[in-house]
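**Student:** My questions all concern the structure below.
Only the coordinates and a few stated rules stand behind these numbers; no lab work does. Everything quoted here is computed from the prediction, not taken from an experiment. Quick reminder, even Gly has a Cβ in these numbers, built from the backbone with ideal geometry, and neighbours come from all protein chains shown.
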Amino acid sequence: MNYWLMKSEPDDVSVDDALAAPNSTVAWTGVRNFQARNFMRNEMKIGDGVLFYHSSCAEPGIVGIARVVSESYPDPTQFDPKSRYYDAASKRDHPRWMLVDVQVTRKIPNITLAEMRQRPELAEMRVLRKGNRLSITPVDKEHWDALTKGTA
DNA sequence: GCCAACGTTGGC
DNA sequence: GCCAACGTTGGC
């Protein structure tokens with residue numbers, strides 16, 4: 001069992017959008033970074049914990065608890081010429097971009113990025129490191145526990 | 001809108 | 001394989 005933080009732009013897919021979807025589940029489309037893809041393709045397992053994070057918005061932070069609910073499979077948007085995530089270089093018999101389905105299990109009060117930076121026990125989190133841009137980062141169990149305790 | 005950080009591309 | 005140029009991310 002591993003833990004992850006996954007960034008989504010709420011203007012694109014917010015935690016409320018995900019909760020409103022069938023089974024509160026969304027396909028994590030649009031990742032176009034190889035490191036982030038590799039986490040989904042190679043390392044995520046069904047049941048892994050996910051911190052649902054809102055980015056590029058007024059109050060970036062963790063807004064929901066979720067879990068991985070599928071094996072990885074090709075991101076359909078890479079084959080859709082009308083999608084902003086279309087990738088002409090990716091072929092159906094050799095897809096470049098893989099994703100997983102993520103199910104939100106509960107919404108939580110926003111643990112803002114500013115608040116996270118103030119908590120010493122979270123200081124080593126990868127998402128807080130200077131210059132971090134990865135939209136998917138592994139989360140240590142100690143950080144997961146610190147962030148999810150008392151929110152059940 | 002700015003800009004630091006860093007990933008990707010492509011010429012050589 | 002190097003590395004400069006360029007593009008993107010994402011907080012502020």
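**Student:** Going down the list A:107/A:130; A:7/A:141; A:45/A:91; A:7/A:130; A:45/A:82; A:82/A:107, which pairs span over 23 Å between their C-alpha atoms?
**Tutor:** On the way: A:107/A:130 27 Å; A:7/A:141 18 Å; A:45/A:91 25 Å; A:7/A:130 16 Å; A:45/A:82 31 Å; A:82/A:107 32 Å.
Those over the limit are A:107/A:130; A:45/A:91; A:45/A:82; A:82/A:107.
**Student:** What distance in nm separates the two pseudo spin-label positions at residue A:88 and residue A:117, each 7 Å out from Cα along the beta-carbon direction?
**Tutor:** Result for the modelled spin labels: 4.0 nm.
**Student:** Work out the P(r) tail for segment A:81-137: percent of alpha carbon pairs separated by more than 15 Å, whole number.
**Tutor:** Values: 1120 of 1596 pairs.
Beyond 15 Å sits 70 percent of the P(r) for segment A:81-137.
**Student:** Pull out a ≥ b ≥ c, the square roots of the eigenvalues of the alpha-carbon gyration tensor of segment A:45-87, then state rounded if a/c is under 1.5, prolate if not and a/b is larger than b/c, and oblate in the remaining case. Before the final figure, lay out each step's value.
**Tutor:** Working: a/c = 4.85, a/b = 1.25, b/c = 3.89.
Taking the square roots of the gyration eigenvalues as a ≥ b ≥ c, segment A:45-87 is oblate.
**Student:** Sticking with this structure for a sec: Where in segment A:118-137 does the label zone of residue A:96 land, with the point 7 angstrom along Cα→C-beta and an amide N cut-off under 14 Å?
**Tutor:** Within reach of a label on residue A:96, which here means backbone N under 14 Å from a point 7 Å along Cα→Cβ, segment A:118-137 contributes nothing.
**Student:** Continuing with the same structure: Tell me, which longest segment in chain A has none of the chymotrypsin sites (Phe, Trp or Tyr not before Pro) that fall in DSSP loops with at most 16 further Cβ atoms within 10 Å?
**Tutor:** Numbers: sites that count: A:85, A:86.
Longest stretch, sites excluded: A:1-84.
**Student:** Here is a further query. Under 12 Å from a label point 7 Å along Cα→Cβ of residue A:73: give me every residue in segment A:92-117 with its amide N that close.
**Tutor:** Counting only backbone N, you get A:99-102.
**Student:** How big is D, in µm² s⁻¹, for chain A by Stokes-Einstein at 10 °C and 1.306 mPa s if Rh is the Kirkwood radius over C-alpha pairs? Before the final figure, lay out the partial values.
**Tutor:** Working: Rh = 15.8 Å.
The estimated diffusion coefficient comes to 100 µm²/s.
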